[in-house]
Amino acid sequence: MSAHGDPIPMTARRSGPLRGEAVVPGDKSISHRALILGALAVGQTRISGLLEGQDVLDTAKAMRAFGAEVTHEAPGDWTVQGVGVGGFAEPADVIDCGNSGTGVRLIMGTMATSPVTATFTGDASLRKRPMGRVTDPLALFGTRAFGRQGGRLPMTLIGAADPAPVRYVVPVPSAQVKSAVLLAGLNAPGETVVIEREATRDHTERMLAGFGATLRIEEAPEGRAIVLTGQPELVAQTIAVPRDPSSAAFPVAAALIVEGSDVLVPGIGLNPTRAGLFTTLREMGADLVYENERDEGGEPVADLRARFSPAMTGIEVPPERAPSMIDEYPILAVVAAFASGPTMMRGIGELRVKESDRIAAMAAGLRACGAEVEEGEDWMIVHGLGAGGLPGGAACATHLDHRIAMSFLCAGLAAQKPVSVDDAGPIATSFPIFEGLMTALGAEFDRGDA
Ligand code: S3P
């Protein structure tokens, strides 16, 4: 079942060259944060380039439920009239975050230090995912959480009426956990300190500073410490959301594996905490060039030009790079199937608790397509078959996971026989224009099974 209706089976077949410009939507991580910080600011925040995918729309709806005025002005253009830090009202109904782990975890953090009670739920994928990683640190502020076994949704949080600031070392590399604790720290008096052993995406820190919060980054014995001063007055901002590197990954990867392709993907955010895939692809020998590098709204941005790269070779991806490309391993696994030799991906245990178990989903689908894949608890090796070498001819299960669906559809564009997915519906959570954008480049997709 799709997250939002009946399943939408889709098939991709070997396509002619992909050519042209691929204008991908706004960054999902930054879009969630713009709405949430806009809701906590005083005054009207104006956002352009917001991703209008279902995950972000669910966060917009949640911010309304907590009392902010969120208005869709024009495509990509939104305004948020904030309620101020500590100003959240109690929602009148259950907050449904759909498919979005980022949405639910960041919103839990945001309400955790206000005297309100809220119940959260989500789709079948989100209801399987662990929330204890967020509710454990929130308990240190005095927040109480009651969920299903294993810390699963649906879950009710009772916000701390008299929160104390905390010092917390994040035990897993997770920007969602880091961000939830920082957002909770906003309404606690004094300094909240969040320490991460490995640097993860830093959009929350950047945006908090942009909204006028006082925070500093320090080196602690355990790692990178973010020290946030609680109870600031956040000031409404004008935010231009850069285009999403995690969405750009799909047309870029497709261009590298489809013969004769030459695709330009303009205006992509290249924050170093997000751009690991592109570094990896270049190490594999991809013809991927950054053009017109610039700075937009405090984030590095470039136009990406990707051309068919028949001579890519497998590499060992450095495990310390994992946080900067954590959402891109599914599509990297597809590119690896079209490179020669093995690509080794280690330190990727977090992939098992994403929208699906992404190691299992990619291994199963690629094997069905004729590739040899080895996997362990936190690693995967894809044995590449070279350009045009993947047999294909398989139906792949997507498990309500947008990135699994897009990855196998890209594989089908270069495989010898068509590749189908059981449900392309979840693609709408992050990249609602994927089908049209890829088709305009020359991709051949059919609705339905092969
Ligand atoms: C995100 C953080 C990552 C990533 C997710 C978006 C964010 O998750 O996988 O798609 O916006 O903070 P984790 O925090 O679980 O690593």
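The values are calculated or read from the model by the stated rules, or taken from the named source; none is laboratory data. Computed from a predicted structure; not experimentally measured. Methodologically, a virtual Cβ is constructed for each residue, glycine included, from the backbone with ideal geometry; neighbour enumeration extends over all protein chains shown. Surface areas here come from the heavy atoms of the whole protein model, side chains and all, with no ligands, DNA or RNA. Shrake-Rupley method; radii C 1.70, N 1.55, O 1.52, S 1.80 Å.
If LEU57 passes every condition in (1) of a type in the set (A, V, I, L, M, F, W, C); (2) open to solvent by 10 Å² or more (accessible area, probe 1.4 Å); (3) outside any helix (DSSP H, G or I) but one, which one does it miss?
The number of the failed condition is (3).
I'd like to verify a number: residues in the stretch 309-348 that are in a loop (DSSP other than H, G, I, E, B) and either surrounded by 21 or more Cβ atoms within 10 Å (Cβ to Cβ) or outside the structural domain of PRO251 (by TED's automatic domain parsing) (or both), how many? So that I can check it myself, show each step before the final result.
First, pick out the residues of the stretch 309-348 that are in a loop (DSSP other than H, G, I, E, B): 309-312, 314-315, 318, 338-339, 347-348.
When the remaining residues are screened for being either surrounded by 21 or more Cβ atoms within 10 Å (Cβ to Cβ) or outside the structural domain of PRO251 (by TED's automatic domain parsing) (or both), the result is 309, 312, 338-339, 348.
Qualifying residue count, the stretch 309-348: 5.
With within 16 Å of the ligand (Cβ to nearest atom) and more than 26 Å from PRO137 (Cβ to Cβ) as the only criterion, which of LEU18, LEU51, LEU106, LEU37 stands out? If you could, list the steps in order and put the result at the bottom.
On the way: LEU18 fails: within 16 Å of the ligand (Cβ to nearest atom); LEU106 fails: more than 26 Å from PRO137 (Cβ to Cβ); LEU37 fails: more than 26 Å from PRO137 (Cβ to Cβ).
Sole residue among the options that is within 16 Å of the ligand (Cβ to nearest atom) and more than 26 Å from PRO137 (Cβ to Cβ): LEU51.
Among the residues in the stretch 80-90, are any part of a loop (DSSP other than H, G, I, E, B), more than 16 Å from the ligand (Cβ to nearest atom), within 25 Å of the chain's Cα centre (by Cα) and buried (at least 24 other Cβ atoms within 10 Å of the Cβ)? Walk me through it before giving the result.
Our first condition is that a residue be part of a loop (DSSP other than H, G, I, E, B); within the stretch 80-90, this holds for 82-90.
Those left that are additionally more than 16 Å from the ligand (Cβ to nearest atom): 82-90.
Going one step further and asking which of them are within 25 Å of the chain's Cα centre (by Cα), we end up with 82.
Still in the running and buried (at least 24 other Cβ atoms within 10 Å of the Cβ): 82.
Yes: the stretch 80-90 contains one or more residues that are part of a loop (DSSP other than H, G, I, E, B), more than 16 Å from the ligand (Cβ to nearest atom), within 25 Å of the chain's Cα centre (by Cα) and buried (at least 24 other Cβ atoms within 10 Å of the Cβ).
Keeping to the stretch 335-346, report how many residues are touching an Asp or Glu at 6+ places or on another chain (Cβ under 6 Å) and either closer than 19 Å to ALA415 by Cβ or within 15 Å of the ligand (Cβ to nearest atom) (or both). Explain how you work it out, then say what you get.
If we filter the stretch 335-346 for residues that are touching an Asp or Glu at 6+ places or on another chain (Cβ under 6 Å), which is where we start, we get 344.
Of the ones still in play, those that are also either closer than 19 Å to ALA415 by Cβ or within 15 Å of the ligand (Cβ to nearest atom) (or both) are none.
Residues that pass the stated criteria total 0.
Would you be able to say whether some residue in the stretch 156-163 is within 16 Å of the ligand (Cβ to nearest atom) and either in contact with a Pro (Cβ under 6 Å, 6 or more places away or on another chain) or in a strand (DSSP E or B) (or both)?
As a first pass, look at the stretch 156-163 and keep what is within 16 Å of the ligand (Cβ to nearest atom): none.
No: the stretch 156-163 contains no residue that is within 16 Å of the ligand (Cβ to nearest atom) and either in contact with a Pro (Cβ under 6 Å, 6 or more places away or on another chain) or in a strand (DSSP E or B) (or both).
Among the residues of the stretch 318-334, count how many are more than 24 Å from PRO391 (Cα to Cα) and more than 16 Å from the ligand (Cβ to nearest atom).
At the first step, the residues of the stretch 318-334 found to be more than 24 Å from PRO391 (Cα to Cα) are 318-327.
So of that shortlist, the ones also more than 16 Å from the ligand (Cβ to nearest atom) come out as 318.
Total meeting the criteria: 1.
Return a yes/no flag: does the stretch 284-301 have any residue that is of a type in the set (S, T, N, Q), buried (at least 17 other Cβ atoms within 10 Å of the Cβ) and over 22 Å from PRO319 (Cα atoms).
Going through the stretch 284-301, the residues of a type in the set (S, T, N, Q) turn out to be 292.
Restricting the remaining residues to those that are buried (at least 17 other Cβ atoms within 10 Å of the Cβ) gives none.
No, every residue in the stretch 284-301 fails to be of a type in the set (S, T, N, Q), buried (at least 17 other Cβ atoms within 10 Å of the Cβ) and over 22 Å from PRO319 (Cα atoms).
Taking the stretch 130-144 on its own, how many of its residues are outside any helix (DSSP H, G or I) and either open to solvent by 40 Å² or more (accessible area, probe 1.4 Å) or of a type outside the set (A, V, I, L, M, F, W, C) (or both)?
First, the residues of the stretch 130-144 that are outside any helix (DSSP H, G or I): 130-131, 142-144.
Restricting the remaining residues to those that are either open to solvent by 40 Å² or more (accessible area, probe 1.4 Å) or of a type outside the set (A, V, I, L, M, F, W, C) (or both) gives 130, 142-144.
Looking only at that region, the number is 4.
Out of VAL181, VAL169, which single residue is out of contact with any Leu (no Cβ under 6 Å at 6 or more places or on another chain) and either open to solvent by less than 10 Å² (accessible area, probe 1.4 Å) or within 12 Å of the ligand (Cβ to nearest atom) (or both)? Write out each step before concluding.
Working: VAL169 fails: either open to solvent by less than 10 Å² (accessible area, probe 1.4 Å) or within 12 Å of the ligand (Cβ to nearest atom) (or both).
Going through VAL181, VAL169 in turn, just one is out of contact with any Leu (no Cβ under 6 Å at 6 or more places or on another chain) and either open to solvent by less than 10 Å² (accessible area, probe 1.4 Å) or within 12 Å of the ligand (Cβ to nearest atom) (or both): VAL181.
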